[in-house]
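The values are calculated or read from the model by the stated rules, or taken from the named source; none is laboratory data. Just so it is clear, the structure is predicted and the values come from calculations on it, not from any experiment. Positions of Cβ are generated from backbone atoms using ideal geometry, with glycine treated the same way; all protein chains shown enter the neighbour counts.
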Amino acid sequence: MVLLTGPSGSGKSTLAALLARRGWGRIDGDALAKTLYVPGSALLRRVARAFGPGVLSPDGGLDAQRLGAAVFKDPRARRRLGRLVYGPFLGLLKRRVREARRHGGKWVVEAAVYFDMGAPDLGMPVALVAAPVALRVRRLRALGLPPARALARARALRFGPAEHARAQAVLDGTRTPRRVLADFLDAFGGGG
């Protein structure tokens, strides 16, 4: 089992998809986080109190676009959201990791916010996919994000020397997806 982290647009989800095609199990942190925003839940009510009712969709669920617009450009707002969400997210992530371990096999756990959560000990090596901001912005724009939102999202999570030093492998996200996959398999022996 290997934890995969990195900023938006770095190529970590592409790598995770390639690993899944090779038979690895995949725990997608973004998808997992979305399950926490159940309409009417205590967490969603706290998020709406912190960021205003405009972050709720007409059906009472989360309007991720509006919340993202509020937090990706403002580090203080992002930290406030983290204080609300990271505890429940980490608890859910740990449960899914335990289930995956019981299931056995090779697993990749995607968690962009891993270092933002304080790099909790999850009992697995960490691979960080790194790429320059300009490339990440281009990739996010290709996914349909407007320029300002793509830039804010690309800059939201910082992965500097301290995070690079704590990862067991730093993968060059500027390389082709197949080359990043090969680098990952070289670093982790195809297992994990």
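Taking the stated definitions as given, is LEU62 of a type in the set (A, V, I, L, M, F, W, C), at pLDDT 95 or above and in contact with a helix residue (DSSP H, G or I) (Cβ under 8 Å, 6 or more places away or on another chain)? So LEU62 does not fit the description; no.
Kindly indicate whether ALA100 is farther than 19 Å from ALA31 by Cβ and in a helix (DSSP H, G or I).
On the way: farther than 19 Å from ALA31 by Cβ: no; in a helix (DSSP H, G or I): yes.
Spelling it out, it is not the case that ALA100 is farther than 19 Å from ALA31 by Cβ and in a helix (DSSP H, G or I).
Would you be able to say whether some residue in the range 137-157 is among the β-branched types (Val, Ile, Thr) and within 22 Å of GLY173 (Cβ to Cβ)? There is at least one residue in the range 137-157 that is among the β-branched types (Val, Ile, Thr) and within 22 Å of GLY173 (Cβ to Cβ).
Report yes if some residue within the range 69-79 is touching a Gly at 6+ places or on another chain (Cβ under 9 Å), of a type in the set (A, V, I, L, M), more than 21 Å from ALA156 (Cα to Cα) and outside any loop (DSSP other than H, G, I, E, B); otherwise report no. No, there is no match, as no residue in the range 69-79 is touching a Gly at 6+ places or on another chain (Cβ under 9 Å), of a type in the set (A, V, I, L, M), more than 21 Å from ALA156 (Cα to Cα) and outside any loop (DSSP other than H, G, I, E, B).
Restricting attention to the range 19-43, the residues being surrounded by fewer than 19 Cβ atoms within 10 Å (Cβ to Cβ) and in a helix (DSSP H, G or I) number 8. For the range 1-18: of the residues being assigned to a helix (DSSP H, G or I) and either among the polar types (S, T, N, Q) or touching a residue at least 12 places away in the same chain (Cβ under 8 Å) (or both), which is surrounded by the fewest Cβ atoms within 10 Å (Cβ to Cβ)? Applying the filter and picking the extreme gives THR14.
If I filter the range 46-65 for residues that are surrounded by 12 or more Cβ atoms within 10 Å (Cβ to Cβ), under 15 Å from LEU92 (Cα atoms) and of a type in the set (Asp, Glu), do I get at least one hit? No, because not a single residue in the range 46-65 is surrounded by 12 or more Cβ atoms within 10 Å (Cβ to Cβ), under 15 Å from LEU92 (Cα atoms) and of a type in the set (Asp, Glu). When the residues of the range 143-192 are filtered to those that are aliphatic (A, V, I, L, M) and in a loop (DSSP other than H, G, I, E, B), the one that is surrounded by the most Cβ atoms within 10 Å (Cβ to Cβ) is ALA167.
Taking the criterion of being free of Cβ contacts under 8 Å to residues at least 12 places away in the same chain and under 17 Å from ALA31 (Cα atoms), the residues of the range 82-97 that qualify are GLY87, GLY91, ARG95.
Conditions (1) of a type in the set (D, E, K, R); (2) in contact with a Leu (Cβ under 9 Å, 6 or more places away or on another chain); (3) touching a residue at least 24 places away in the same chain (Cβ under 8 Å); (4) within 18 Å of HIS164 (Cβ to Cβ), marked per residue:
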| residue | (1), (2), (3), (4) |
| --- | --- |
| HIS103 | no, no, yes, no |
| VAL108 | no, yes, yes, no |
| ALA112 | no, yes, yes, yes |
| MET117 | no, yes, yes, yes |
| LEU122 | no, yes, yes, no |
| LEU128 | no, yes, yes, yes |
| PRO132 | no, no, yes, yes |
| ALA142 | no, no, no, no |
| PRO146 | no, no, no, no |
